[in-house]
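Undergrad: One structure follows; several queries about it will come next.
The values are calculated or read from the model by the stated rules, or taken from the named source; none is laboratory data. Owing to the predicted nature of the structure, the values given are computational and were not obtained by experimental measurement. In this analysis, Cβ positions are derived from the backbone assuming ideal geometry, glycine residues included, and neighbour counts consider all displayed protein chains. Heads up: the accessible areas ignore ligands, DNA and RNA and are worked out on the full protein's heavy atoms, side chains in. Shrake-Rupley method; radii C 1.70, N 1.55, O 1.52, S 1.80 Å.
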Amino acid sequence: MQMRSLSTWLILGLTLTFLIGPFIIIIFAGASAGNSLAFPPDGLSLKWYLKVFTVESFRASFLLSMFLAVVGTLFALALGVPAAYALNRYKLPGDELIRTIVAAPIIVPGIIVGLALLRYLVVPLNFTVGMALFFAHTALILPYAVRVVSSSLNNLRSDMEEAAVLLGCTRVQAFFKVVLPNIRGGVLAAFILGFVTSFNQVPVSLFLSGPGVRTLPIDMLSYMEITYDPSVAALSALLAFMSVAIVFTAERLLGFSRYV
Amino acid sequence: MSDAFVRLRDLTLSYGNTVAVPALNLDIREGELIALLGPSGCGKTTTMRAIAGLLSPTSGSIEIDGRDVTRLAANKRGIGLVFQSYALFPHLNAFENVAFGLRLQKLPEAEIRAKTEAGLATVGLTGFEARKPAEMSGGQQQRLALARSLVMEPKVLLLDEPLSNLDARLRLEMRTELQRVQKETGVTMVFVTHDQGEALAMADRIVLMRDGKIEQLGTPADLYDRPETAFAAEFMGFENILRSEGRELVSDQGRVTVGYESAAPMLAWRPGAVEIGSGPLQGRVIASSFAGGHREYVLDTALGPIKADAPVSIPEVALGETLAFDLPEGTARPLFA
């Protein structure tokens, strides 16, 4: 009994250390009073946390990342909700194949997706890097959108729509008046998941960067190659807080974990 | 029949290449409460969905109130349907569920309010306006679904297995409720059921269906007392059906000689029509159960198992013992198909 509780605590302790440890290191490394990225920090100060907001390129790349995450996710939902609906409600020929293709961007390693988009979209078709980034992020979010929305559609009986039609709705009205209000939790969950996925995306974006067009994580990488100061750690900590806050709020408001 | 309100002509319904209902003809009168009765897979629900417009017929036509609606979209037909699962809108409260269809018609708010309140009152749900469907009992949900359809003043109200999700007590209550609403509103009602008891108790006329075809159409008394086919007889509780050949009764298990010759090729007896305690036939009791007013026996006979009800005045016969019985011609229902 004693042994068992000891090993339980040991496993729990190790797990938490590996999960939360890096996060704590980052928070403190960013709060260093010294000039280089180090742990333990040389004294404590908030100057690097403040400096983050003054770096010009961070501001531009943050806006780009925000744009990709918000607009890309909305775009993916605009494609994904109807797709999930169609896959759910109709017996489509080759629906398994469609599901596989939709899921492909998360199965294929990001490096390959990024390289392929660069080689076959940007170079031959003269896509701007920004457009390619937008496509890539939309495609990466799409699988989550389809999946999460599908699972909430599964819980919705189709006779509800038939009832709406018999009360005078067109099929389209039935979708907006009856289906959408009842899957809004799933749609919001998909939005948050898509947002976080896009915002934290590195491998695909790595290939799709150009002069002045960098997502925040990529910008942080290149910043670190030149300037090895604690501001990157401070920024990472801020971003981690943002993600945690979003997921926490979502969980509180609509039981986010039910959908994921 | 010239007074048909709903008229199905050679209605053929299929799923893919499977024909579920081949060339159905049926006339339903205005204000009638009609039951589509049959075992699962007999085409009753399919037929109902076609009347509602949720399923397009392969061929044939549907006429409602003198108008051909075969190609008319479901949302333009003016038909109500109470789903087996009720299909209430979970995100709307009871009031908004009932007002849903009225709002689509863009009626003035005061009229919507008045009609919705009246609809809720008809089904006894006044005071439940603010409840969500999930906060209501099965019986209340059922009545809410009914009110939601009724406020639209449908030409025809369809009900899919309206009592199947209710417990026994509520089922009885809802039966009376449905009949009352039908009499009050005068709406033509078509309900689908697999339960002959429900159909017998509620319907003005019963359409007994089998394999997409009408097996028999008639009043409850017609079907109960005068089934025309072996299938109808069996469905109506004639549990002993035997072939009649010369002066013999024949089953797959064997044959016995009786003292009469029937003109019909088959004869059917309810368990209560079998005479027990005396008679030329013998059976060994293999099951016996007390059913209040009578005792139900299953007898192992030369014809296979025979079900017989004995009045309680006859002393109980133990399992394994032999009992004399008779299948009299006078209590038999002759069947010609």
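Undergrad: Among all lysine pairs in the protein assembly as shown that are eight or more places apart or on different chains, how many have alpha carbons less than 24 angstrom apart?
TA: For the protein assembly as shown, qualifying lysine pairs total 20.
Undergrad: Just checking the output field for B:233-246: average partner chain Cβ neighbours within 10 Å of each residue's Cβ? List each step's numbers first, then the result.
TA: Working: counts 0, 0, 0, 0, 0, 0, 0, 0, 0, 0, 0, 0, 0, 0.
Counting other chains' Cβ atoms within 10 Å and averaging over B:233-246 gives 0.
Undergrad: Quick one: grab Rg to one decimal and Dmax as a whole number for the stretch B:166-210, Cα atoms only, in Å.
TA: 11.0, 32
Undergrad: Out of all DSSP beta bridges with both ends in the stretch B:106-234, state the antiparallel percent to the nearest 5.
TA: Here the antiparallel bridges make up roughly 50 percent for the stretch B:106-234.
Undergrad: Students often check this: by mean Cβ neighbours within 10 Å, which of B:38-51, B:16-29 ranks highest, and how do the rest follow? It would help to have the intermediate numbers written out before the result.
TA: On the way: B:38-51: 20.9, B:16-29: 15.7.
Ranked by mean Cβ neighbours within 10 Å, highest first: B:38-51, B:16-29.
Undergrad: To the nearest 10 Å², what's A:Ser7's accessible area with a 1.4 Å probe?
TA: Only protein atoms counted, so the area is about 50 Å².
Undergrad: Let me ask you something else. Using θ = phi - 60° and the Karplus form 6.51 cos²θ - 1.76 cosθ + 1.60, what ³J(HN,Hα) does each residue of the stretch B:187-204 get, whole Hz, x for Gly and Pro?
TA: For the stretch B:187-204, the Karplus-derived couplings read 6, 6, 10, 10, 10, 9, 8, 10, 9, 5, x, 4, 4, 5, 6, 9, 7, 6 Hz, x marking Gly and Pro.
Undergrad: So for the pair A:Val172, B:Arg71, with labels modelled 7 Å out along Cα→Cβ, what separation do we get in nm?
TA: That separation, rounded to one decimal, is 2.2 nm.
Undergrad: Ok, one more. Per-residue accessible area for B:Val274 at 1.4 Å probe radius, Å² rounded to 10?
TA: My reading of the accessible area for B:Val274 is about 10 Å².
Undergrad: Distance between Cα centroids, the stretch B:290-337 to the stretch A:6-74: provide it in whole Å.
TA: 86
Undergrad: Here's a follow-up. Rounding to the nearest 20 debye, state how big the charge dipole of the protein assembly as shown is about its Cα centre with +1 on each Lys and Arg Cβ and -1 on each Asp and Glu Cβ.
TA: Details: 51 positive and 54 negative charges, 472 e Å.
Computed about the Cα centre, the dipole is about 2260 debye.
Undergrad: For the stretch A:14-123, count all C-alpha to C-alpha pairs, find those more than 23 Å apart, and express that count as a whole percent of the total. Kindly include the intermediate steps, with their values, before the conclusion.
TA: Values: 3679 of 5995 pairs.
The share of Cα pairs beyond 23 Å in the stretch A:14-123 comes to 61 percent.
Undergrad: Related question: Which sequence of B:Arg284, B:Arg9 reflects their accessible areas, 1.4 Å probe, from the largest down?
TA: Details: B:Arg284 105, B:Arg9 75 Å².
I get B:Arg284, B:Arg9, largest accessible area first.
Undergrad: Can you pull a Stokes-Einstein diffusion coefficient for the stretch B:4-228 at 25 °C (0.890 mPa s), Rh from Kirkwood over Cα pairs, as a whole number of µm²/s? Mind showing how you got there, number by number?
TA: Values: Rh = 17.9 Å.
Diffusion coefficient, whole number: 137 µm²/s.
Undergrad: What's the average, rounded to a whole number, of partner chain beta-carbon atoms within 10 Å of each residue's beta-carbon in B:101-107? Please report the intermediate quantities before stating the final value.
TA: Working: counts 6, 2, 3, 7, 2, 0, 0.
Shielding by partners across B:101-107 averages 3.
Undergrad: Determine the distance separating the Cα centre of the stretch B:12-68 from the Cα centre of the stretch A:130-147; give it in Å without decimals.
TA: That distance is 46 Å.
Undergrad: Compute the signed sum of charges (Lys and Arg +1, Asp and Glu -1) over the other residues within less than 11 Å, Cβ to Cβ, of B:Lys155.
TA: Working: positive: B:Arg67, B:Arg77; negative: B:Glu30, B:Asp65, B:Glu153.
For residues surrounding B:Lys155, the net value is -1.
Undergrad: Any chance you could list the semi-axes, whole Å, largest first, of the equivalent ellipsoid that the Cα gyration tensor gives for the stretch B:238-335, using √(5λ)?
TA: Values: eigenvalues 102, 37, 24 Å².
Working through the eigenvalues yields semi-axes of 23, 14, 11 Å.
Undergrad: With all pairs of different alpha carbon atoms counted, what Kirkwood hydrodynamic radius in Å does the stretch B:294-337 show?
TA: Roughly 12.2 Å, rounded to one decimal.
Undergrad: Using a 1.4 angstrom probe on the protein heavy atoms only, line up B:Leu102, A:Leu50, A:Leu74 by accessible area, largest first.
TA: Values: B:Leu102 0, A:Leu50 115, A:Leu74 95 Å².
Result, largest first: A:Leu50, A:Leu74, B:Leu102.
Undergrad: Still on this model: May I ask for the distance between the Cα centers of the stretch B:199-251 and the stretch B:96-142, given as a whole number of Å?
TA: What the calculation gives is 41 Å, centre to centre.
Undergrad: Okay, next question. In a shell of Cβ-Cβ distance under 12 Å around B:Gln282, excluding B:Gln282 itself, what net charge do Lys and Arg (+1) and Asp and Glu (-1) give?
TA: Working: positive: B:Arg284; negative: B:Asp300, B:Glu321, B:Asp326.
Computed value for this residue: -2.
Undergrad: Starting from the 7 Å offset along Cα-to-Cβ, what nm value, one decimal, do you get for the label separation of B:Ala264 and A:Ile24?
TA: Calculated label separation equals 8.8 nm.
Undergrad: Determine the relative contact order of chain B: mean sequence separation of Cα pairs under 8 Å and six or more apart, normalised by residue count, in whole percent.
TA: Details: 697 pairs, mean separation 52.8, N = 337.
Relative contact order comes out at 16 percent.
Undergrad: From the C-alpha coordinates alone, can you work out the Kirkwood hydrodynamic radius of the stretch B:189-297, in Å? Write out the running numbers ahead of the final one.
TA: On the way: mean 1/r = 0.0622 Å⁻¹.
16.1 Å is the Kirkwood radius here.
Undergrad: Now, a different point. Provide a whole-number value for the mean count of partner chain Cβ atoms within 10 Å of the Cβ atoms in peptide A:224-233.
TA: Details: counts 0, 0, 0, 0, 0, 0, 0, 0, 0, 0.
Per residue, the average neighbour count from other chains is 0.
Undergrad: Determine ³J(HN,Hα), in whole Hz, for all residues of the stretch A:214-223 in sequence, where each value follows from phi through the Karplus function 6.51 cos²θ - 1.76 cosθ + 1.60 and θ = phi - 60°; x replaces Gly and Pro.
TA: Listing the rounded values in order: 9, 7, 4, x, 5, 4, 5, 4, 6, 4 Hz.
Undergrad: OK, next. Residues with amide H under 5 Å of B:Val156's amide H, sequence separation 5 or more or different chain, H placed in the peptide plane at 1.01 Å from N; which?
TA: Residues meeting the amide H criterion: B:Gly80.
Undergrad: Roll a 1.4 Å probe over the protein heavy atoms and report the accessible area of B:His194 in Å², nearest 10.
TA: The value for B:His194 is about 100 Å².
Undergrad: Let me check I have the definition right: for the protein assembly as shown, take the eigenvalues of the Cα gyration tensor, multiply each by 5, take square roots. What are those semi-axes in whole Å, largest first? Walk me through the numbers on the way to the answer.
TA: Working: eigenvalues 969, 188, 117 Å².
Each semi-axis is √(5λ); the values are 70, 31, 24 Å.
Undergrad: Taking only the alpha carbons of the stretch A:151-219, what extent do you get along each of the three principal axes, in Å, biggest first?
TA: Principal-axis extents of the Cα atoms in the stretch A:151-219, largest first: 57, 21, 14 Å.
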